[in-house]
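S.K.: Below are the structure tokens for one structure; questions will follow.
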Amino acid sequence: MKETYDVCVVGGGAAGMAAAIAAAEGGKRVCIVEKNKKLGKKLYATGNGRCNVANTDMTAIHYHSADPDVSSFLHTCLGTEPNRELFAFLHSIGIYERCLDGYYYPRSMQASSVVWAFSDRIRALSIVTYCSEYVTDIRRRSDGYHIICGTELVADQVILSCGGLSYPSLGGCDGGIKLAEKLGMKCIPQRPALCAVITEEDTEVIKGVRVACSAQIAHGTVTDQQTGELQITEYGLSGIMIFNLSSEIGRRLEQGKSVTINIDFLQEIQEKDFLQRNESIQRNIYGYLNSYLPEKLAKYILDACELSPKQMLAELSDARMQEIYHRCKKFPFHVRGVKDYEHAQVTAGGISLQEINPETMECQAYPGLYVTGEMLDIDGDCGGYNLTFAILTGLRAGRACYDKN
Ligand SMILES: Cc1cc2nc3c(=O)[nH]c(=O)nc-3n(C[C@H](O)[C@H](O)[C@H](O)COP(=O)(O)OP(=O)(O)OC[C@H]3O[C@@H](n4cnc5c(N)ncnc54)[C@H](O)[C@@H]3O)c2cc1C
């Protein structure tokens, strides 16, 4: 039997739940179709289970897209005060924030409290949920949009909130992009982002090293530089700083370019201070470098400089010391690839921003059909940017559904 709604939301993640709540608060009869057994599965895993929902620094440089006009798109869809709008919504469902070093979390520091608050509001608004149902097609007919899944659903308006391909175990799939392609929307090729990178160099001997440093993509702009803790793994480089470079790295690799990441292991150490070693102290270069860097890394760099760790400091010329210094300041790692979707927190690429009206998230070619969250060709840095984007675009779409009439 056909079941009819004013609004059908496809995908019950952060964007979909926010969209459904907003539309239902405007008096619409709303349903959510979700392929997982329950709503918000990915949300539980965010921020290491703490849900980093927002950031004090909301400048557009933290978002990436193939679209050169991304900042004006963001300015419209996130508004001038994104955090104010986000927190007003979260407060309305009973979630209050706590800020730690510029990163916002729920006060409970538990992602589950956010999922619980969303679910309670969804129940209170009598939003119907169809879980374990996978939408394979959306067809526009004279009586509305037909949502093709296990149940026969028809709705006046549809909000697509299917997310991306990342973390298949939490719901990531190509379902959303396939729906968009069937509808004829322009899609930017997708790729994993917010992930570690695989290097050409063998890093097995330095795996496990964690070091404060800065990293820059060679021939990059200022935005292609990050500072923080580098984590070295058996396959390459990881850590938030690398995650934040991964979208741009993936884009360059996709264009067939070779990518090198230069690491500054001696951040804030001046050359004159490094050269001013006390030669009277009977030390070798290995011990000296280890006073700046973890020992495994010191050895690795000396090997790269073809220098014996036993070489005494007093025997090294200033020119040789300068060479070591500059090697540490700009140590290159050549990137072979980025990690796969199983290990990437978000998906870069997606539905082209050209298809969407940023005031409402409505698709230009399909009145009454909206696209939100990670399905779109926008990916944010680590730090709450992706959840802020998902929730606020969800709210935009949900509100547009009732503003229409
Ligand atoms: C491990 C991890 C940690 C993260 N931590 C953070 C963090 O701390 N802060 C932050 O800002 N971001 C974080 N992110 C990113 C953030 O979670 C996502 O960007 C955000 O959840 C996207 O929301 P969404 O609603 O667009 O998509 P999703 O949350 O992916 O929801 C999409 C939903 O649609 C369903 N679906 C897909 N296709 C169909 C279909 N055809 N039919 C029915 N249902 C369908 C999926 O099952 C899924 O439940 C993290 C991501 C991961 C994987």
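Laboratory data are not the source of any read-out in this text; all were calculated from the coordinates shown. Quick caveat, the model's predicted, so the values are computed rather than measured. Cβ sites come from the backbone with ideal geometry, for glycine too, and all protein chains shown count toward neighbours.
S.K.: Alpha carbon centre of the stretch 30-87 versus the stretch 189-212: separation in Å?
M.R.: If we compute the Cα centre of each part, the gap is 26 Å.
S.K.: Taking +1 at the Cβ of each Lys and Arg and -1 at the Cβ of each Asp and Glu, which of Tyr96, Tyr134, Ile240 sits farthest along the dipole of the chain towards its positive end, judged by Cα position relative to the Cα centre?
M.R.: Towards the positive end, the residue furthest out is Tyr134.
S.K.: Can you give me the Cα centroid spacing of the stretch 93-123 and the stretch 324-350 in angstrom?
M.R.: Centre-to-centre (Cα) distance: 32 Å.
S.K.: If you don't mind, there's one more thing I want to ask. In the structure shown, do any of Lys296/Lys339; Lys42/Lys330; Lys186/Lys330 have a Cα-Cα gap over 30 Å, and if so which?
M.R.: Lys42/Lys330; Lys186/Lys330
S.K.: Tell me, what does the Kirkwood hydrodynamic radius of the stretch 197-259 come to in angstroms if you use every pair of distinct C-alpha atoms?
M.R.: Hydrodynamic radius (Kirkwood, Cα only) of the stretch 197-259 equals 12.1 Å.
S.K.: Turning to a different aspect of this structure: Computed on alpha carbon atoms, what radius of gyration and Dmax characterise the stretch 121-261, expressed in Å?
M.R.: Expressed in Å, the Cα Rg and Dmax of the stretch 121-261 come to 21.1, 65.
S.K.: Follow-up. If I model a spin label as a point 7 Å beyond the Cα along the Cα-Cβ vector, how far apart are those points for Gln322 and Ile240 in nm?
M.R.: 3.8 nm
S.K.: Would you work out which of Cys305, Leu392, Ile147 lies farthest towards the positive end of the dipole of the chain? Charges go on Cβ: Lys and Arg +1, Asp and Glu -1.
M.R.: After comparing all options, I get Ile147.
S.K.: Moving to a separate point now. Rank Gln225, Gln364, Gln255 by mean-square fluctuation in a GNM of the chain with C-alpha springs under 10 angstrom and give only the top-ranked residue.
M.R.: Maximum fluctuation in the GNM of the chain, among the listed residues, is at Gln255.
S.K.: Which trypsin sites (Lys or Arg not before Pro) does the stretch 223-281 hold that lie in a coil by DSSP with at most 13 other beta carbons within 10 Å?
M.R.: Working: sites: Arg251, Arg252, Lys257, Lys272, Arg277; in loops: Lys257, Arg277.
Here the trypsin sites (Lys or Arg not before Pro) that fit, given the DSSP loop and packing criteria, are Lys257.
S.K.: Given R₀ = 35 Å, what would the calculated FRET efficiency be for Tyr96 paired with Thr227, taking r from the Cβ atoms and rounding to 0.05?
M.R.: It comes out at approximately 0.70.
S.K.: Work out, step by step, the length gained on full extension between Met312 and Ser258: first 0.36 nm times the residue separation, then minus their alpha carbon distance; give nm to one decimal.
M.R.: Contour length minus the Cα-Cα distance gives 15.7 nm.
S.K.: Now for a different question. Quick one: putting +1 on the C-beta of Lys and Arg, -1 on the C-beta of Asp and Glu, what dipole do you get for the chain around its Cα centre, in Debye to the nearest 20?
M.R.: It works out to roughly 860 debye.
S.K.: Report the full-extension gain for the segment Asp202 to Ala88: residue separation times 0.36 nm, less the Cα-Cα distance, to one decimal in nm.
M.R.: 36.1 nm
S.K.: Sticking with this structure for a sec: Gain in length, Glu268 to Asp69, computed as 0.36 nm per residue apart minus the alpha-carbon separation, to one decimal in nm?
M.R.: Numbers: separation 199, 0.36 × 199 = 71.64 nm, distance 3.55 nm.
Additional length available on full extension: 68.1 nm.
S.K.: Can you tell which of Met241, Met17, Met109 shows the greatest fluctuation in a Gaussian network model of the chain with Cα springs below 10 Å?
M.R.: Per the Cα network of the chain with a 10 Å cutoff, Met109 tops the list.
S.K.: Sticking with this structure for a sec: Give the Rg/Rh ratio for the stretch 1-120, taking Rg as the radius of gyration of the Cα atoms and Rh as the Kirkwood radius, to two decimals.
M.R.: Over the Cα atoms of the stretch 1-120, Rg/Rh equals 0.99.
S.K.: Follow-up. Just to be sure I follow: if Rg is taken over the C-alpha atoms of the chain and Rh is the Kirkwood radius over the same atoms, what is Rg/Rh?
M.R.: On the way: Rg = 24.7 Å, Rh = 22.8 Å.
That ratio is 1.08, to two decimals.
S.K.: Please check: in the Gaussian network model of the chain (C-alpha springs, under 10 Å), which one of Ser169, Ser142, Ser65 has the largest mean-square fluctuation.
M.R.: The residue that fluctuates most here is Ser142.
S.K.: Mind checking the stretch 62-158 for trypsin sites (Lys or Arg not before Pro) that DSSP puts in a loop (not H, G, I, E or B) and that have at most 15 other Cβ atoms within 10 Å?
M.R.: Arg107
S.K.: How much FRET efficiency would the formula 1/(1 + (r/R0)^6) give for Ala365 and Ala124, where r is the Cβ-Cβ distance and R0 is 30 Å, rounded to 0.05? Each step should come with its number before you reach the end.
M.R.: Details: r = 35 Å, r/R0 = 1.16.
The calculated FRET efficiency here is 0.30.
S.K.: Name the residues whose placed amide hydrogens come within less than 5 Å of the amide hydrogen of Glu201, ignoring near sequence neighbours (fewer than 5 apart) on the same chain.
M.R.: HN-HN under 5 Å from Glu201: His334.
S.K.: Just check the stretch 271-331 against the gyration tensor rule for me: Cα atoms, a ≥ b ≥ c as the square roots of the eigenvalues, rounded for a/c under 1.5, and otherwise prolate or oblate depending on whether a/b exceeds b/c.
M.R.: In terms of gyration-tensor shape, rounded.
S.K.: Using the alpha-carbon atoms, what tilt in degrees (0 to 90, nearest 10) does helix 82-92 show relative to the longest principal axis of the chain?
M.R.: 60 degrees
S.K.: I've got another one for you. Would you please give the FRET efficiency between Gln110 and Thr59, computed as 1/(1 + (r/R0)^6) with r the Cβ-Cβ distance and R0 = 35 Å, to the nearest 0.05?
M.R.: According to the calculation, E is roughly 0.80.
S.K.: Show me the trypsin sites (Lys or Arg not before Pro) within the stretch 5-44 that DSSP assigns to loop and that have at most 12 other Cβ atoms within 10 Å of their Cβ.
M.R.: Sparse-neighbourhood loop trypsin sites (Lys or Arg not before Pro): Lys37.
S.K.: Identify all lysines with a Cα-Cα distance to Lys35 below 21 Å; exclude those on the same chain that are fewer than 8 residues away in sequence.
M.R.: Lys2, Lys178, Lys182
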